[in-house]
Amino acid sequence: MATSPLLSLPGAVAAEAPDQGVAAHYGDPLREQRRLAEGRGFVDLSNRGVVRVSGPDRLSWLHSLTTQHLTDLKPGEATVTLVLSPNGHIEHALYVVDDGEALWAHVEPGTAPALVAFLDRMRFLLRVEVEDLTEAYAVVFEPVAEPRPAGDAYADVLARVAADGRELFLPRERLAQFGADHADPAGMWAYEALRIAAYRPRVGNETDHRTIVHELGWLDTAVHLNKGCYRGQETVARVHNLGRPPRRLVFLHLDGTEEKLPATGSPVELDGRQIGFVTSAARHHELGTIALALVKRNTAVDAVLTADGVPASQEVVVPA
């Protein structure tokens, strides 16, 4: 994985897996969080994969393969769609925007080659082309939920504008200059803390080999329940109609007297019995130590749990 030129900015400390190649922080992660929460600064996400799908059949083709309704996606409109296994388990999350000629997606670090290989196998005779552009484009997040104004030096860069901010698909040769032109960089520790506080799942953290969409609350934002058949749809429909996913995502407030941060994958227990595992954890500038976890569906919503041995209270993300 390429190392970002923004790791040469003052104070930059490199992140560890799965976010190696970019900065964990630039010297003050809590202040970086506050700036992002106030709508200032930017985050280097250049370790993420970038995939471009072009051709006149691209939207109807991806509509038939993924969970989201894409046939009527308008240029500039942002959405999230998932690739599922035949058994309905989550394999990829694509954060997409169409520019009128091609659909662009960013995906988890290191996963673009596998996604492109899968899509290439499914092309058949349709008029689509799939490219892994990770080496040519870098993703940069800015906490401003609107396009850059006309005349701005980066107004020509494709932006995916979502509720929490905009994500630029920036040519990599412009990444170093972008860092020089903008103040207040924030690292992955700050970005992840705000993601966790917003209950937003991440493939590879909140998912394992058997995670289904209902467990993470992705039915609301990444799945369209009234569309044609796609891979994994039977599981989506069956569990939706029965209303009984085996696990559910919870948000945890951890005891602030403990200094350690629960590791991803560490056990979540109730009365000494493991009922789940931590998926992500962070130190939040207002909430203190927080985490997301997957627990058994029937775990009482008011039960006090322990995460990696640390007492934790729950907030409901996915109803029991």
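When the chain is treated as a GNM with alpha-carbon contacts under 10 Å, the residue of ARG58, ARG160, ARG244 showing the greatest mean-square fluctuation is ARG244. Only protein atoms count toward the accessible area here, which uses a 1.4 Å probe; on region 166-284, the carbon and sulfur part of that area reaches 50 percent. Contact order, relative form, for the chain: 19 percent (alpha carbon pairs under 8 Å, 6 or more residues apart, mean separation divided by residue count). Remark: region 1-94 is approximated by an ellipsoid whose semi-axes, taken from the C-alpha gyration tensor as √(5λ), come to 34, 16, 14 Å, largest first. Net length available on complete extension from ASN87 to ASP220 is 45.9 nm, with 0.36 nm assigned per residue and the Cα-Cα distance removed. What part of the accessible area of region 30-123, given as a whole %, is carbon or sulfur when the probe is 1.4 angstrom? Carbon and sulfur together cover 48 percent of it. Listed by chain and number, the aspartates and glutamates whose C-alpha is less than 20 Å from the C-alpha of LYS296, apart from same-chain residues fewer than 8 away, are GLU206, ASP208, GLU215, GLU269, ASP271, ASP308, GLU315.
Mind putting together the pair-distance distribution for region 135-218? All Cα pairs, 10 Å bins, whole percent per bin, short to long. The percentages, shortest bin first, are 14, 40, 31, 13, 2. Per residue, the accessible area of region 190-267 comes to 47 Å² when a 1.4 Å probe rolls over the protein heavy atoms. Taking every protein chain into account, the 1.4 Å probe leaves SER54 with about 20 Å² of accessible area, to the nearest ten.
Can you list the lysines whose alpha carbon is less than 23 Å from that of LYS227, not counting same-chain residues fewer than 8 positions off? Partners within reach: LYS74.
Compare LEU133, LEU84, LEU126, LEU242 by solvent-accessible area with a 1.4 Å probe and give them largest first, with all protein chains kept in place. Could you put the intermediate results ahead of the total?
Working: LEU133 30, LEU84 0, LEU126 80, LEU242 120 Å².
The ranking, largest first, comes out as LEU242, LEU126, LEU133, LEU84.
In whole angstrom, how long is each semi-axis of the equivalent ellipsoid of region 68-167, when you take the square root of 5 times every eigenvalue of its Cα gyration tensor and sort them from largest down? Display every interim value, and only then the final one.
Numbers: eigenvalues 128, 44, 40 Å².
Semi-axis lengths for region 68-167 are 25, 15, 14 Å.
The Cα-based radius of gyration and maximum Cα-Cα distance (Dmax) for region 229-318 are 14.7, 50 Å. Compactness of the chain is given as radius of gyration and Dmax, 19.8, 60 Å, from Cα positions. Averaging the Cα positions of each part gives two centres, and for region 224-287 and region 53-102 these lie 25 Å apart.
ASP120 exposes around 60 Å² of accessible area when a 1.4 Å probe is run over every protein chain in place.
The values are calculated or read from the model by the stated rules, or taken from the named source; none is laboratory data. Keep in mind the model is a prediction, meaning the values are calculated, not measured. Accessible surface areas use protein heavy atoms only, side chains included; no ligands, DNA or RNA. Shrake-Rupley method; radii C 1.70, N 1.55, O 1.52, S 1.80 Å.
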